[in-house]
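Each remark here refers to the structure printed beneath this line.
Readers should treat all values here as calculations from the given coordinates under stated rules, not as data from a laboratory. Everything quoted here is computed from the prediction, not taken from an experiment. Here the Cβ positions follow ideal geometry from the backbone for every residue, glycine too, while neighbour counts run over all protein chains shown.
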Amino acid sequence: MAFCSKCGTEMMDGASFCGACGNKSGGVAVQVVERPQVANNISKMDRQELLATFKEAIRVLYGYEACRELMAEQLDETEDFDIAIRQAPGIQMKRELRKEWRKRDQEVKELHPDLAKKELIFSFIAAPCFFLLILGVVMLIAPSVTSSLPLLLIFISLPPLVMALSIDSKWRKAKSEYNDKLKQNKLASVQRNEQPKIDAALIACERSVALNTVPPAYRYTYALEQMTRILQNFLADNWKECADKYEEHMHRMRLESQMEEINELAEISAFYSQQAKRSAGAAALFSGLNFFFG
């Protein structure tokens, strides 16, 4: 569908001039999402028609859910590298992630060369200064040392250590900012690439005659799969019977869930009751022994 860019009048497809104002510029194409007109009432469908409708609706929903799951997986890959390394399934994956981590460190060093040099220098100084600090503290605590050497060691080692800690903090902050920037760029890239697919799948759902035939309360994958299974097993011949069977199934599921919760609570209560009995028995035993030997 196209409209005139000057007066807004609807134009025929392929027309070069507007019939209302004579504007020579081509029309502006506009995508209009319209919900289809449902021709068949679901209550009048037989078993075969319901099966075909449910299968088509499931196919459309699967396409939408697959796009969303793919986007979610790609967004999960943007997590921090230290978490990804710990959760990596194999040694080869860990090596690749560590290699990528070292590559990022090199990129940060190229962005902050002065800070990288200071961090390297003070990383070599920090270890001996820390050793001197510990040595000075030990000598200061020792009663046999009465000279001023411990205080001198502490005085010499503290300033470089403080400076090294400050530079290390700045270096970690620079790496964190760089990683956050990369993460935001990747998030934006994933959303930019995958969001049009999700929008297209959503439009397909809105245009699907089969999905719009199903009542809104049942327009999700699990309900449609269960009702398809009911029809395939010849447990229902029309919509009313199929919906009733599905509601019975969901009622049984809720009852089973409640029974599982009650059983879990009963097991927990029995466990703590047994522990209390054991504690009471042990306390009575110790009390008897104390009375007998006391």
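Quick look at the values:
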| read-out | value |
| --- | --- |
| By average C-beta atoms within 10 angstrom, highest first, the peptides 160-172, 56-68 | 56-68, 160-172 |
| Length added when fully stretched, Ile134-Ser43, from 0.36 nm per residue minus Cα-Cα | 24.4 nm |
| Listed pairs Lys118/Lys183; Lys44/Lys240; Lys118/Lys181; Lys109/Lys175; Lys109/Lys173 exceeding 20 Å between Cα atoms | Lys118/Lys183; Lys118/Lys181 |
| In segment 199-276, chymotrypsin sites (Phe, Trp or Tyr not before Pro) in a DSSP loop with at most 11 other beta-carbon atoms within 10 Å | Phe234 |
| Relative intensity, log₁₀ I(q)/I(0), of segment 238-282 from a Debye sum that treats every alpha carbon as a point, q = 0.18 Å⁻¹ | -0.64 |
| Projected-area mean, segment 135-294, by convex hull of Cα positions, square nanometres | 26.4 nm² |
| FRET efficiency, 1/(1 + (r/R0)^6) with R0 41 Å, evaluated for Val209 and His251 via beta carbons | 0.85 |
| Arg278-Gln258 FRET efficiency (beta carbon distance; Förster radius 30 Å; 0.05 resolution) | 0.45 |
